[in-house]
Amino acid sequence: MRLLKNKHVIFFLLILLSFQIRAHSVLKGQLYLDSTWAPTVYLSLIPDLDNIYSMSNNMIIENAELKDNGEFIFNIDYLTDEDKLYRIHLSKKGDPPASLIIGGKDENHLFFIANNQSSIEIKNNPATNLISDAAISGYLPNETLQEINRLVLYIDTADFSGSSIKRELMNTALSEKLKEIADTTSHPIVALYALYKSKYEYDLEENPQYYQRFLEKWESNRSGYFNEFRKSIPNNNYHKKHYNLLFILLGFITGIFLTILFFQYKKKRKSLLNNLTNQERKILKYLKNGNSNKEISEELNIEISTVKSHINSIYSKLKINSRKDVMNMFD
Amino acid sequence: MKKTAKLLSLLMLTNLILFNCVQAQSDFSLDYNRSIQIKAASEASKIKEIKVECYGRNKYLHLVISSWVKTGTLKIEIIDPAGKTQESFKIESSVAGEEMDNTTPVESMIFDEASGKISKTFENPMKGIWIIKAIPKLVYGKIEVNSQQTDIPKLH
């Protein structure tokens, strides 16, 4: 009884604990910004990575006030169980809420991965007042996401002292590094993010096998992110294509084999027919037409017993047992 | 002696000319600004291309493209002379813009505004025609393109 009571207590505590865990699902932070920004932080869901740089009011799922000290908080326990890509952004005073600024010191957004269990904190550097250099902590996949952003920004803003070859080499190195991240990370959205940031569209033509292999690795992932990516990879079912080719080849070979068999059978039948006497051949013709023994005897003016004897001889020579076999033979 | 003086003055003159030339070259900056307003229904879904000629004389090409839509969807692409899309973004109003016909007065239309801006610097930009491609779909809005070819790494 006591044990049962204890079980109930444990169960109750577990439920409480789960509520406690869920209560910690927050996105909070502190952004030090100048007075040109409107004091509202917007949270948007990025449905697929093709729309990473899309902006509309329909994408915004919630907004929070940016306090005087730069703090903001979102309760995100309503997010989905599975990880998704989100964006927070702010708008300049006078700009509409659905406002996207890419590049420069006014870049107004940050991407991060979260789910309904996440507890994420975003803080920028008070010395720079930039949104884009804010650090995201609290959920491990975001660290790799930031690493990707840092790599891209470094190459984008680095001064290569007028050397276009050096820049080209660095761009190639960046692309390879991002592909390496995509290969090694265990997080599907991070992997895709790395590929999108590498501008994979231009590598796709030269190296389609890499992307086909990548999709094979994530074959079981049926999220919207991967479904959209799959559409952009041509012949991603190249293995299936190979199988199809194999099936066509097998069909062709089987066809040839069956044709040979058919001709051999025909040849054999012809040779068997050659064994029949003239009378037997006539009777076979009647049998083929479905005539009865009596009809055959009347047609050929012979006794029924003779007909029967000829039929038995035909059966024996053609290695068949019945009239049905005769019909089948000529079908 | 006279010859030496002549030679020296000639050298000095040459140096002066060369120095001025170099300075003039480093100060060379080419600005190009263009603004497009889409107000008419006939223009609402017509693709627009703004061409920026890059002469390759400067180290940097700065491009700032700002756009606003009150209806419809607008996609902006920056395409380099090799035809490669360097950057792109899309802004979308929740008002689809179907009501944008010539019979509807602008004042009576319901708007939902979205804006997008991209600020991008290209180091050693490819010589040739850079294209800013605007792909509108039932858009009532505005596009502004500011470009600057200069040797200064930051935009003026």
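Data table
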item: The range B:31-150 - Debye-derived log10 I(q)/I(0), Cα point model, q = 0.14, 0.20, 0.22 Å⁻¹; result: -0.58, -0.98, -1.13
item: Buried on assembly, the range A:89-113 (at least 50 Å² less accessible surface than by itself, 1.4 Å probe); result: A:P96, A:I102
item: Cβ-based charge dipole, the range B:31-150, positive-most Cα from B:I50, B:Y60, B:I76; result: B:Y60
item: Residues of the range A:36-67 buried by at least 30 Å² on assembly (accessible area, 1.4 Å probe, chain alone as reference); result: A:Y53, A:M55, A:S56, A:N57, A:N58
item: Accessible carbon and sulfur surface of the range B:31-150 relative to its total accessible area, %, 1.4 Å; result: 46 percent
item: Under 11 Å, Cβ to Cβ, from A:I61 - net charge with Lys/Arg +1 and Asp/Glu -1; result: +1
item: Three semi-axes of the equivalent ellipsoid, the range A:251-331, Cα gyration tensor, whole Å, largest first; result: 31, 12, 9
item: Set of lysines with alpha-carbon distance to B:K117 below 16 Å, sequence-local pairs under 8 removed; result: A:K92, A:K93, A:K105, B:K70, B:K75, B:K90, B:K133, B:K142
item: Cβ-derived FRET efficiency at R0 35 Å, A:L261 paired with A:N289, nearest 0.05; result: 0.80
item: Per residue accessible area of chain A, 1.4 Å probe, in Å²; result: 60 Å²
item: Residue of A:I61, A:I189, A:I73 that the Gaussian network model of chain A assigns the largest fluctuation, springs spanning Cα pairs under 10 Å; result: A:I61
item: Fraction of accessible area attributable to carbon and sulfur, chain A (%, probe 1.4 Å); result: 56 percent
item: Estimated vicinal HN-Hα couplings, Hz - the range A:119-132 in sequence order (Karplus 6.51, -1.76, 1.60; Gly, Pro = x); result: 10, 10, 10, 10, 9, 9, 8, x, 6, 9, 6, 9, 7, 5
item: Length-normalised contact order of the range B:31-150 in % [C-alpha pairs under 8 Å, at least 6 apart]; result: 51 percent
item: Solvent-accessible area per residue for the range B:31-150 (1.4 angstrom probe, square angstrom); result: 44 Å²
item: Estimated buried accessible area (total), pair B and A, 1.4 Å, Å² to nearest 100; result: 1900 Å²
item: For the range A:143-159, residues shielded by at least 10 square angstrom of accessible area compared with the chain on its own, probe 1.4 Å; result: A:D156, A:D159
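The values are calculated or read from the model by the stated rules, or taken from the named source; none is laboratory data. None of these values were measured; they are calculated from a predicted model. Backbone-built Cβ (ideal geometry, glycine too); neighbour counts: all protein chains shown. Just the protein is used for accessible areas: all its heavy atoms, side chains included, with ligands, DNA and RNA removed. Shrake-Rupley method; radii C 1.70, N 1.55, O 1.52, S 1.80 Å.
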